[in-house]
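Here's the structure we're looking at; comments come further down.
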Amino acid sequence: MKLLSLLFALFFYLPLQAAQSLPDSVVQEALKLNLDQDPQWLNLLNYRRDDWFTKQSQADSPLFFFAEEGKRSPRMELEATIRAIFDPAVTRKSPEGNLQERAQCLFPGRFLYLTRKLPGVSWPQVSCQRFENFRSILDAHSATYVFSSYYMNNPASAYGHSFLRLNRGSSSLNEKKYELIDFGVGFSGIPEGATPSSYAIMGLLGMFTGRFEVLPYYFKVREYNNFESRDLWEYDLNLSQDEVDLLVAHIYELQQAHFDYWYFTENCSYRIIAALDAVRPSLKLIEKTKRAVMPGDTMILVYSSPGLVQKTNYRPSGRATFEARLNTLDAPAKSKFAQFIQTEKVDVLLSASDEKERQELLDTAIDYVDFHYANEVLNQKGQFKLKKEILIARAEVNRVSPELTVPVPELDAPHRAHGSFRTKGGYLHRNQQDLMTMGHRFALHDLLDPVRGYPAYSEMQMIQTDFSYNPEAGRVQFEKIGLIEIVSLSNWEIFSHLPSWRLKVGWDRDYQTECAYDCLPLSLQGGIGISKELFQSFIASAWMRVGLAHDEHFVNDKFRMGAGPAVLIRYNLKDSFSLLGEAWYRYDNHGSLDEYRDLFAGAQINLGKDIGLRLGTKNDEEYKAEINFYY
């Protein structure tokens, strides 16, 4: 009888005990290797230290975790994940709700990580049909970091935008790469319930839900290149196939999570570089970010990481393509094309002197319609009819169009830009007083800053604080508290009649308006105008500007309101210096002074990409010299 009991234990009970203890042994081995503190494990689940130095995941979806305390405990989540992988009873519905999936199918990135860290374990073999289909469709062989240039007419894109492109293999027919059939991976906030006026506020307060999405790359090209006429800068990443495979698996599982979207911190570029950190923890990109995360700054981080970027490509916007095509026309052809833009009659194009000129005019017209009426062409409305007429006319011209070469603005690539933060210090002479100045700007760029990597004729500044110190009086005071300041100079051309516009909100010290005490009035200003590039890098504009100011120390009324004409001129020599002059005459309908004149002249001499000497004078009453440091 004892012999039978021993045999039963040997053949049935002990193997059963071993099978039951396998997850425990794997957990112990993982903890022995300190995988719960491994940077790659922490990055895969987005664990970061918060403002209270507590480590927790930034993922806000409960379904992203197996452990009840998984959001706050990397160790508990590691243990729960391993046990879930081995337990066939632990399943969850797929996002579509039509499948019950095992842990390794829901989170293939974590599973791939564990199999690589613990290669000696006999992991359960499970068919993950949904993930395999996803991986097969993407067929990713490499990855590219894409930066979409600044777009002033959309608050969400005023600071640029970043996303990834997962690249399929080369064509088996001719080994040529077709990027449009690749897939773009982006992270964006879903603006549910947001209005144009509340969008920025909700984004600043993290009130949007952020999600990853995977779309064909041509959707991204259509959105940024065509609709918004934004250049795309593509940075091919030097990732191994193993890293690409992990990236694909990680992106798959990130689609099942959601994150709070914060406009200046946990935004599109933050999430993209966090995914790269998960694939290659040694990059430490998130650790290198500043308190505020700007897409332009993160792109520079990616570009400057040793061995990460192997090639840079430029995909011109619809506008850049059209302008390059327009520059191929000679003077008589340009004159005819100007007539076409005014009339938008195809007959004007067909009146060309010969077949070659007709072909050139029709090709240019196609690019013009694609650029100027991108949305209507896509939706087959409005001027889509005009494009059809042009295409029919072009089909009747028996000439092959030469390949168009769009010049690559290498020196204006965004990775050459100065840092978004600016700190300054210097000297100010005003009212017979000599003052020391200091200040800081949160973001991003003004019309005197080095222009490399930024829109040539745009200014976007937020959260700017300037101080002055009077050594004789021993007094420190605010000179400026700028909330937002935007200037968009749109060059008025035969094919583009967009107005220039500007907006300013903040507090500026005012010594011109009568005050019972030093005034720092709250100011709201706006304007609309017409700008024209008179020659290369020199632009002039005429404005109608309005202003509203309030301060308790104003004499008589506490409010000032007025409007009047203004002019602006600006010249920039890319790497050397910038000049800016402005004059504004305003008639106020409140206060003892009806007329207000604001004259400003400034220059900046660039001593390097991240340092510049700025000189300025205002109303012949203030003279300033400051050193700007960008980082």
For the stretch 41-56, which positions are assigned to a loop (DSSP other than H, G, I, E, B) and open to solvent by less than 40 Å² (accessible area, probe 1.4 Å)?
LEU45, ASN46
Could you go through the stretch 289-303 and let me know if any residue there is of a type in the set (Asp, Glu), under 23 Å from GLY203 (Cα atoms) and either in contact with a His (Cβ under 7 Å, 6 or more places away or on another chain) or in a helix (DSSP H, G or I) (or both).
yes
LEU447 in contact with a Ser or Thr (Cβ under 8 Å, 6 or more places away or on another chain), in a loop (DSSP other than H, G, I, E, B) and surrounded by fewer than 20 Cβ atoms within 10 Å (Cβ to Cβ):
no
Within the stretch 38-53, identify whether any single residue is touching a helix residue (DSSP H, G or I) at 6+ places or on another chain (Cβ under 8 Å), charged (D, E, K, R), at pLDDT below 95 and on the phi < 0 side of the Ramachandran plot, and answer yes or no.
yes
Out of (1) open to solvent by 20 Å² or more (accessible area, probe 1.4 Å); (2) modelled with pLDDT of 95 or more, the one GLU77 does not meet is (1)
Looking at LEU428 and the list (1) under 18 Å from TRP507 (Cα atoms); (2) open to solvent by less than 10 Å² (accessible area, probe 1.4 Å), which single condition is not satisfied?
(1)
When you go through (1) open to solvent by 60 Å² or more (accessible area, probe 1.4 Å); (2) touching a residue at least 60 places away in the same chain (Cβ under 8 Å) one by one for SER488, which number turns out not to apply?
(1)
Kindly evaluate ALA257 against the criterion of being at pLDDT 95 or above, over 18 Å from GLN310 (Cβ atoms) and either touching a Leu at 6+ places or on another chain (Cβ under 6 Å) or among the aliphatic types (A, V, I, L, M) (or both).
no
Condition check: of a type outside the set (Lys, Arg) and under 19 Å from ILE611 (Cα atoms). Does GLY439 satisfy that?
yes
Just one of (1) closer than 29 Å to TYR263 by Cα; (2) assigned to a loop (DSSP other than H, G, I, E, B) trips up GLY307, so point out which.
(1)
For the stretch 83-104, which residues satisfy the criterion of being aliphatic (A, V, I, L, M), open to solvent by 60 Å² or more (accessible area, probe 1.4 Å) and in contact (Cβ under 8 Å) with a residue 12 or more places away in the chain?
LEU99
Report yes if TYR457 is open to solvent by 10 Å² or more (accessible area, probe 1.4 Å) and either modelled with pLDDT under 95 or among the polar types (S, T, N, Q) (or both), otherwise no.
yes
Within the stretch 563-579, is there a residue that is closer than 20 Å to TRP507 by Cα and modelled with pLDDT under 95?
yes
Could you check how many residues of the stretch 462-476 are exposed (fewer than 14 other Cβ atoms within 10 Å of the Cβ) and assigned to a strand (DSSP E or B)?
2
Among the residues of the stretch 294-349, how many are free of Cβ contacts under 8 Å to residues at least 24 places away in the same chain and under 22 Å from GLU228 (Cα atoms)?
2
Would you check which residues across the stretch 615-631 are under 17 Å from SER420 (Cα atoms) and either part of a strand (DSSP E or B) or in contact with a Leu (Cβ under 7 Å, 6 or more places away or on another chain) (or both) and list them?
ILE627, ASN628, PHE629, TYR630
When the stretch 311-342 is examined, which residues are found to be open to solvent by 70 Å² or more (accessible area, probe 1.4 Å) and either modelled with pLDDT of 95 or more or over 30 Å from HIS161 (Cα atoms) (or both)?
THR328, ASP330, ALA331, PRO332, LYS334, GLN339, GLN342
When both residues are 6+ apart or on different chains and their Cβ atoms are under 9 Å apart, which pairs have a first residue that lies in the stretch 507-520 and is open to solvent by 40 Å² or more (accessible area, probe 1.4 Å), and a second that is at pLDDT below 70 and not aliphatic (A, V, I, L, M)?
GLU514/GLY591; GLU514/SER592; ASP518/TYR511
I'm checking my understanding of the structure. Among residues of the stretch 57-74 that are within 19 Å of ASP38 (Cα to Cα) and of a type in the set (D, E, K, R), which one is surrounded by the fewest Cβ atoms within 10 Å (Cβ to Cβ)?
GLU69
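The values are calculated or read from the model by the stated rules, or taken from the named source; none is laboratory data. Because the structure is a prediction, the values reported are computed rather than measured. Here the Cβ is made from the backbone with ideal geometry for all residues, glycine too, and neighbour counts use every protein chain on show. Side chains are part of the model used for accessible areas, which takes the heavy atoms of the whole protein and leaves out ligands, DNA and RNA. Shrake-Rupley method; radii C 1.70, N 1.55, O 1.52, S 1.80 Å.
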